[in-house]
C-alpha cells in the first residue's frame, strides 16, 4: 500500500479510508445525510509498547507490506494490513471490519515476534486515534456509566476537559465503570466506543495541541505484560467504534443493537422464543428453597404460562449444618441431599413433565476456600503473590478441559435447557503464577481467552441450551461475553426506578432481547428499596401492572413466591404473560428501540417519566411503553420516531379500552399527550399503519 493507493471501505452510512500518508492512518467520512462530517478518527490506528518502546503506525521503522480485503458473511467487509516493525522484528496485522448499513466498525491487531529473542508487550491499544480540534469545546459532552452492586448504569454527563480516563481495574468489565462511552460534539456529532472484553479495559482522552485529543484504549495496561517467545503471537482486545449524528444517542444505540443481533449474539430456537422465566432466588434464596418448594412453584408457574423454571444457588453444597455452599464452589458434584433428597434430575423431569424448560445456576469460575478441587488440582487455583484469589484460572488448559466436562455433565445428567453462569468476585489484576499455562503478567488476559473458548465449545456441543451471563447481578456486562452467551442479567435488585435506569443504560449498547431482569421481586430479607408485597391490601392493580410491565421491556421474568400469590395477582400475572407472548415479544426480539426520555435514576433523581418505542424492521408496526414514576409531573407529551409522516396509524392502547387514528407527521412533531396516568402507572400503545 503506497500513498497513492488508499484502501476504501464503504457502505450506505460511512466511508473509511486507510492510507499510508506519512504513516498508516484511518479517516471516516459520514455520507449524504451529513456530507461535511469528518469523523474524529484519523491517525496511527493502533499502538503498542514493546520492551518499553512505543510503536504505532507512524513510528520510524514501521512499514506496510501488503493489504488483504475479505468479504465476510451478510455484507460485512474486513481489511487486514500486514506490516512490520523492523527494529524489533515484529510482524503486525491490523484488522478493520466495517459492518453493513451502519457506521459501526471493529478494530484490533495481532503482533507476532519474528525475531530470535523474547520481547515483552506491556500495552496494546486497539484504537489510537486523533480527535480533531474543536472536539473539546464547552459544548462537547462525554456520557458514560459508573457501576457497582445495585448501582449499575449510573449515567454521568460532563464536558471533555483535560485528561480523562475511563477504566476498570477490578477484573470484571462493568465493576466500577461500564465498558462503553459516547462523546457528543457541540454540533451533534457522536463518537461511541466499547471494548469487546470482560476483564480490565481502559479508554484514555489525552489533550493535544490546538484543542485536539488523542483517544486510545482497549486492554488495560495496568499490571499487564506478556512475554512473547520467538514465533509466538497475541491479539489485542477488539474495540467497536460507532458514529452518530444530530445529538441523538438513539442514532448510535440502534446500530449496536442491529449489528449485535445480526453478527455477534449467539442464538437458538429457545432464545428466539424469549421464554418467560421464574427463578426462586430472592423469594427463597438458599435458606428456604427445597425440593417441595420448587415443585409447588413449578405447579403454579405452569398454570400462569411461565416457560422455564430456574433452580438458582441453593441446590449445591454439603448437607452439614453450618456449611455454606459458597465455600465449596468448585466441587460441582455436591448436591444438598437434605433439601433435594430425590436429586436434581427429579426436579428437571418434573418441570419438563409440566411442559416447561429447566434452568440451573453454576458459578463455574468460582473456587470456595473449602473446595476439594483445590487440593486435588493445586494448579487450578488462581493465585497472586501466593494468595488465593477465589477462582480457578482458565489460563490453564487443564482448567478449560475440566470446566467443559463439568458443564456438560450438569447439562446431560440434569437435563438442563438453561445454565445461569455467575461470577461473584473481583479478580483484580488476576493470576500471576507461571506454572499452569500463562506468564506472570497475562494471567487475567489468558483467563478470559480460556473462558471464551470453553463457552464457544459448550455452545457447539449443546447448541439448544441457553447460557445466561450473570456476575453479582450486572458487574460483567460487555460485548465480549455477549458473543459467547445468549443473554445477560442486569442487576440483582429490581425495584421500578432502578429497573428503568438499568434498561435505559444497558440498551445504549445492547439489544433488548439480550437484557434479562425480573419484575419487582419478593425478597426473603429486608431491603431498603425492595418493599413489594403482593399480599398488601393497599396494592392497587395499576401499581402491580406498572411493576410487571417494566420487566417486559426485555427478557421477562419473575422471582416471587408463586403459590402464595393472591388470586387477583396471579390472574394479572397470567394476563401479562399472555400479553408478552402474543403482543410484545416480537418487538423485543426484532424491534429498533428508541429512548424517548432521558434516563430515570434511583432515589427519585433524573427523569420521572420513561418512554420507550419499539419499531419493527419493516416500519409498519410500533409499540410504545410509557411509565410515570413516583414524583413525575402530571402531564407529558412524547414525540415518536421512525414513523412515515403522511401515513395514518391506528393506535390501540393495550392498557385500556381505547382506539384512535393519528397521522405519522403529527405523532412525530406534535407528539402523543399523556395526562391520565397516575404515579406508578404505565401505558402500552400499539401503532400500526392503516392499510399498509
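Taking region 572-599 only, how many residues are part of a helix (DSSP H, G or I) and touching a residue at least 24 places away in the same chain (Cβ under 8 Å)?
Going through region 572-599, the residues part of a helix (DSSP H, G or I) turn out to be 572-590.
Imposing the further condition that a residue be touching a residue at least 24 places away in the same chain (Cβ under 8 Å) reduces the set to 572-574, 576-581, 583-590.
Residues that pass the stated criteria total 17.
Evaluated against (1) surrounded by fewer than 19 Cβ atoms within 10 Å (Cβ to Cβ); (2) part of a helix (DSSP H, G or I), residue 440 falls short on exactly one condition, (2).
I'd like to check something: does region 293-306 contain any residue that is assigned by TED's automatic domain parsing to the domain that holds residue 410 and outside any helix (DSSP H, G or I)? Break it down stepwise before answering.
Going residue by residue through region 293-306, those that are assigned by TED's automatic domain parsing to the domain that holds residue 410 are 293-306.
When the remaining residues are screened for being outside any helix (DSSP H, G or I), the result is 305-306.
Yes, that holds for at least one residue.
One residue alone among 468, 446 is in the same structural domain as residue 565 (by TED's automatic domain parsing), touching a strand residue (DSSP E or B) at 6+ places or on another chain (Cβ under 6 Å) and within 18 Å of residue 404 (Cα to Cα), and that residue is 468.
Residue under question is residue 670, and the condition is that it be over 31 Å from the mean Cα position of the chain (by Cα) and under 23 Å from residue 503 (Cα atoms); does it hold? Taking the combined requirement at face value, the residue does not satisfy it.
Here residue 1 passes the criteria (1) in the same structural domain as residue 259 (by TED's automatic domain parsing); (2) modelled with pLDDT under 55 except the one numbered (1).
Taking region 293-332 as the search range and keeping residues that are on the phi > 0 side of the Ramachandran plot and modelled with pLDDT under 95, which one is surrounded by the fewest Cβ atoms within 10 Å (Cβ to Cβ)? Write out each step before concluding.
So in region 293-332, the residues on the phi > 0 side of the Ramachandran plot come out as 305, 314, 317, 322, 330.
Filter once more, so that each one left must be modelled with pLDDT under 95: 314, 317, 322.
On the way: 314: 22, 317: 22, 322: 5.
Per the criteria, the residue is 322.
The C-beta contact set for region 365-380 (first residue assigned to a helix (DSSP H, G or I), second residue modelled with pLDDT under 95, distance under 7 angstrom, 6+ apart or interchain) comprises 379/435; 379/436.
Each row is one residue, and each column tells you yes or no for (1) at pLDDT 95 or above; (2) crowded, with 20+ Cβ neighbours inside 10 Å.
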site	(1), (2)
90	yes, yes
127	no, yes
134	no, no
145	yes, yes
149	yes, no
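Looking across region 272-289, the residues that are surrounded by 18 or more Cβ atoms within 10 Å (Cβ to Cβ) and out of contact with any helix residue (DSSP H, G or I) (no Cβ under 8 Å at 6 or more places or on another chain) come down to 275, 277, 279, 281, 282, 283, 289. Of all residues in region 520-535, exactly one satisfies the criterion of being crowded, with 23+ Cβ neighbours inside 10 Å and touching a residue at least 40 places away in the same chain (Cβ under 8 Å), namely 521.
Identify, please: which residue in region 604-631 is part of a loop (DSSP other than H, G, I, E, B) and out of contact with any helix residue (DSSP H, G or I) (no Cβ under 8 Å at 6 or more places or on another chain) and is, among those, farthest from residue 691 (Cα to Cα)? Among residues in region 604-631 that are part of a loop (DSSP other than H, G, I, E, B) and out of contact with any helix residue (DSSP H, G or I) (no Cβ under 8 Å at 6 or more places or on another chain), the one farthest from residue 691 (Cα to Cα) is 631. Restricted to strands (runs of 3 or more DSSP E) entirely inside region 130-206, those with at least 2 residues that are not assigned by TED's automatic domain parsing to the domain that holds residue 240 are 141-147, 154-159, 164-168, 181-184. Name the single residue that is surrounded by the most Cβ atoms within 10 Å (Cβ to Cβ) among those in region 487-509 being within 19 Å of residue 420 (Cα to Cα) and in contact with a helix residue (DSSP H, G or I) (Cβ under 7 Å, 6 or more places away or on another chain). Checked region 487-509; the qualifying residue surrounded by the most Cβ atoms within 10 Å (Cβ to Cβ) is 490. When only residues in region 653-667 that are closer than 25 Å to residue 550 by Cβ and surrounded by 15 or more Cβ atoms within 10 Å (Cβ to Cβ) count, which is modelled with the lowest pLDDT? Top of the filtered list is 655. Only one of the numbered conditions (1) part of a strand (DSSP E or B); (2) out of contact with any helix residue (DSSP H, G or I) (no Cβ under 8 Å at 6 or more places or on another chain); (3) at pLDDT below 95 is violated by residue 247, and that is (1). Can residue 389 be described as in a strand (DSSP E or B), touching a strand residue (DSSP E or B) at 6+ places or on another chain (Cβ under 9 Å) and either modelled with pLDDT of 95 or more or surrounded by fewer than 24 Cβ atoms within 10 Å (Cβ to Cβ) (or both)? In short, yes. Within region 467-480, take every residue that is surrounded by 24 or more Cβ atoms within 10 Å (Cβ to Cβ) and not in a loop (DSSP other than H, G, I, E, B) and give me the one that is farthest from the chain's Cα centre (by Cα). Selected residue: 471. Quick one: is residue 241 within 23 Å of the chain's Cα centre (by Cα) and over 21 Å from residue 101 (Cα atoms)? Considered against the rule, which asks whether it is within 23 Å of the chain's Cα centre (by Cα) and over 21 Å from residue 101 (Cα atoms), residue 241 comes out as no. For residue 110, the criteria (1) crowded, with 17+ Cβ neighbours inside 10 Å; (2) closer than 14 Å to residue 47 by Cα; (3) over 22 Å from the mean Cα position of the chain (by Cα) hold in every case but one, which is (1). Among the conditions (1) in a loop (DSSP other than H, G, I, E, B); (2) under 21 Å from residue 171 (Cα atoms); (3) at pLDDT 95 or above; (4) touching a helix residue (DSSP H, G or I) at 6+ places or on another chain (Cβ under 8 Å), residue 454 misses just one, which is (1).
Looking across region 632-648, just one residue is within 25 Å of residue 602 (Cα to Cα) and either in contact (Cβ under 8 Å) with a residue 60 or more places away in the chain or in contact with a helix residue (DSSP H, G or I) (Cβ under 8 Å, 6 or more places away or on another chain) (or both), and that is 639. In the set 368, 437, 415, 395, only one residue is modelled with pLDDT of 95 or more, under 15 Å from residue 449 (Cα atoms) and touching a helix residue (DSSP H, G or I) at 6+ places or on another chain (Cβ under 6 Å); that residue is 395. For region 536-560, residues that are assigned to a loop (DSSP other than H, G, I, E, B) and crowded, with 21+ Cβ neighbours inside 10 Å total 5.
Scanning region 235-245 for residues that are over 15 Å from residue 140 (Cβ atoms) and either outside the structural domain of residue 45 (by TED's automatic domain parsing) or surrounded by fewer than 20 Cβ atoms within 10 Å (Cβ to Cβ) (or both) gives a single hit, 235.
When you go through 63, 70 one by one, which is the residue that is in a strand (DSSP E or B) and at pLDDT below 90? Can you show your working first?
Details: 70 fails: at pLDDT below 90.
Step by step, each of 63, 70 is checked, and only 63 is in a strand (DSSP E or B) and at pLDDT below 90.
The values are calculated or read from the model by the stated rules, or taken from the named source; none is laboratory data. The model shown is predicted, which means the values in this text are computed figures rather than measured ones. Cβ: placed from backbone, ideal geometry, glycine included. Neighbour counts: every protein chain shown.
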